[in-house]
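Some notes on the structure that comes next.
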Amino acid sequence: MKLKKQLRETGCPCGGKAYATCCAPLLSGARQAASAEELMRSRYTAYTLADDAYLRASWAAQTRPATPTISEAGVQWLGLDVRRHVEEGNEASVEFVARYKIDGRAYRLHEISRFVREDECWYYLDGRFPEQTASKSMTARLKEHV
Ligand SMILES: [Zn+2]
C-alpha cells in the first residue's frame, strides 16, 4: 500500500521521526496527547490519513461539527510547520502552517488553533486565520475546493 510505504520512508506525516512512535499511539487511542501541540500534530496526521473518527474524538464537544469533517477532495498533504505553542492552564494555542495540494495546485493554510484541556485531555476548540479576514475552519476551506 502506497501510504504505508510512504510512512516508512518519510516518518510521521506531522514531521515527527517515526509514525509508530509519534502520532500512531494517539490515533489508536493507546495514549493521550501530552500537550496541545502534540494533539495538533496528531490531528494534522489524522487529516492526512482521513481519520474522521479521530478528528471528531479530539474536537471539543461545544464546537464539534455535526457532519463528517473529511471531504473526498483528493487532498494531498505536503507538510506541517508548527510555529508557536502557548499554554496557559487549561487553554492553549498553536500556530502552524500546513501545506497541501489539490489537483496539482499548492495551497498554504496558516492557522492559530485554540485548544482546551478537560479532565487531563486536550481538545481542539477552534481556529483563526491571521492572513484572512474570514474565519473559516480547515474543513470549511477544504470543502470550498471540492
Ligand atoms: Zn506525528
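Table for the structure above
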quantity: Restricting region 62-83 to residues that are of a type in the set (A, V, I, L, M, F, W, C), within 16 Å of Y124 (Cα to Cα) and within 15 Å of the chain's Cα centre (by Cα), the residue that is surrounded by the fewest Cβ atoms within 10 Å (Cβ to Cβ); calculated: V82
quantity: Any hit, region 51-61, residues being under 13 Å from the mean Cα position of the chain (by Cα) and at positive phi; calculated: no
quantity: Residues of region 1-43 satisfying the condition of being at pLDDT 95 or above, closer than 17 Å to V82 by Cβ and either more than 8 Å from the ligand (Cβ to nearest atom) or assigned to a helix (DSSP H, G or I) (or both); calculated: L26, A33, A34, S35, A36, E37, E38, L39, M40, R41, S42, R43
quantity: Single residue of region 44-77 satisfying the filter (closer than 24 Å to P25 by Cβ and part of a strand (DSSP E or B)) that is farthest from the ligand (Cβ to nearest atom); calculated: W59
quantity: Residue list for region 102-123, restricted to those being closer than 14 Å to L39 by Cβ and in contact with a Leu (Cβ under 8 Å, 6 or more places away or on another chain); calculated: S113, R114, F115, V116, W122, Y123
quantity: Residue count, region 78-95 (criterion: in contact with a helix residue (DSSP H, G or I) (Cβ under 6 Å, 6 or more places away or on another chain) and either more than 19 Å from A33 (Cβ to Cβ) or in a loop (DSSP other than H, G, I, E, B) (or both)); calculated: 0
quantity: Pairs where the first residue, in region 18-47, is free of Cβ contacts under 8 Å to residues at least 12 places away in the same chain and the second is buried (at least 21 other Cβ atoms within 10 Å of the Cβ) and assigned to a loop (DSSP other than H, G, I, E, B), C-beta under 7 Å, 6+ apart; calculated: A18/C12
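Residues checked against (1) of a type outside the set (A, V, I, L, M, F, W, C); (2) more than 20 Å from R31 (Cα to Cα); (3) surrounded by 14 or more Cβ atoms within 10 Å (Cβ to Cβ):
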residue	(1), (2), (3)
H85	yes, yes, yes
A98	no, yes, yes
I102	no, yes, yes
R105	yes, yes, no
H110	yes, yes, yes
R114	yes, yes, yes
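The values are calculated or read from the model by the stated rules, or taken from the named source; none is laboratory data. Worth saying up front: this structure is predicted, and the values here are computed from it rather than measured. Glycine also receives a Cβ, built like all others from the backbone with ideal geometry; neighbour counts cover every protein chain displayed.
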